[in-house]
Amino acid sequence: MRGGLPISRRSVFKLRQVGIGTLGSAKIKILLCGCVVLSLLAIANRNRDSSSFMGWTGDFDRSSSPRGRYSIVMNTWKRYDLLKKSISHYTSCPRLDSIHIVWSEPDPPSDSLKRYLNHVVRSNSRKDQQVELVFDINKEDSLNNRFKEIKDLKTDAVFSIDDDVIFPCTSVEFAFTVWQSASDTMVGYVPRMHWVDQKKGENKYKYGGWWSVWWTGTYSMVLSKAAFFHKKYLKLYTDEMPASLKEYITKNRNCEDIAMSFLVANATDAPPIWVKGKIFEIGSTGISNLGGHSERRTECVNKFVDEFGRMPLVPTVMKAVDSRYSWFW
């Protein structure tokens, strides 16, 4: 070649390969960096309580209408420290309208307890929505009290909860949106199942605890220790639940949650909805820790079947999961 060093075609081809390889490597590095940045943004977005995708926050209705808010009905019994912790937590949850404390103790709540709880409610309530705190005083000590009709309840949704159970506000909000899409059924966190007792025949049943649900993925009840349902079922329980069953529940101090599951299933012929949620049990013991608990619950199931004249509970395998916070749906 003129005026320069001779360069072979093979050398030119190698230079081209090196150039293309370098450019391709740079593109790959840029692409990988972009993927890493997007992944970090996605993870950060998942961890925000107000996370959204394409502008959707998962809140269908934040208005003050009955459908847009919910009321807590909290059962308690001589565990004032637990009650204080629970009230302090839930009053910070958005879309909470009121808390009704089911009080069945022989003595009324002390003035100091009421002052403390009212102060907590005022301090934790959001500026745009002051949560109302009400003590529903009962003369009789009965588990049926948790399902008494509340005449002045402003919301359609009732979140029934025990004083020793705490769920993050984000979990409660998600369960509420699930309930809004199926407001005639029960939506809750604690599933249970009934099984046909093969030894005693097809009309006899056994109560299935958590492990049977975990093993089979099947359930037919969600317990009222942590569940949403429509306020109309409080009236239905008060007016229509057979007196013999109420007396049985009061005497045995058990199974009011199963009775409510029977009541709702009998009215709807539909299964409940189990919602995935992280549960924090802050109490130490309960009736479920006592010996013979499963046998007593089995007795309840069969007694309720006899009273209702059929088995209304409907098994299902469906589970509601908030996909914004779950890598595997």
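The values are calculated or read from the model by the stated rules, or taken from the named source; none is laboratory data. All values reported here derive from a predicted model rather than from experimental measurement. Glycine also receives a Cβ, built like all others from the backbone with ideal geometry; neighbour counts cover every protein chain displayed. Surface accessibility is based on the protein's heavy atoms, side chains included, excluding ligands, DNA and RNA. Shrake-Rupley method; radii C 1.70, N 1.55, O 1.52, S 1.80 Å.
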Expected sort for 192-201, 172-181 on mean C-beta neighbours within 10 Å, highest first, is 172-181, 192-201
Stretched fully, the stretch from residue 196 through residue 235 gains (0.36 nm per residue minus C-alpha distance, one decimal, in nm) 11.0 nm
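Round to the nearest 0.05 the FRET efficiency obtained for residue 326 and residue 294 when R0 = 30 Å and r is the Cβ-Cβ distance.
Efficiency at R0 = 30 Å is approximately 0.45.
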Excluding ligands, DNA and RNA, the carbon-plus-sulfur percentage of the accessible area of segment 178-329 with a 1.4 Å probe reads 54 percent
The extension gain from residue 128 to residue 112, computed as 0.36 nm times the residue separation minus the Cα-Cα distance, is 3.0 nm
Once all protein chains are kept in place, residue 88 shows an accessible area at probe 1.4 Å, nearest 10 Å², of 50 Å²
Rounded to the nearest 10 Å², the 1.4 Å probe accessible area of residue 67 is 90 Å²
With the 1.4 Å probe rolled over protein heavy atoms, segment 70-323 has an accessible area per residue in Å² of 46 Å²
Here, segment 70-323 modelled as identical Cα point scatterers in vacuum has Debye log10 I(q)/I(0) at q = 0.08, 0.10 Å⁻¹ of -0.30, -0.47
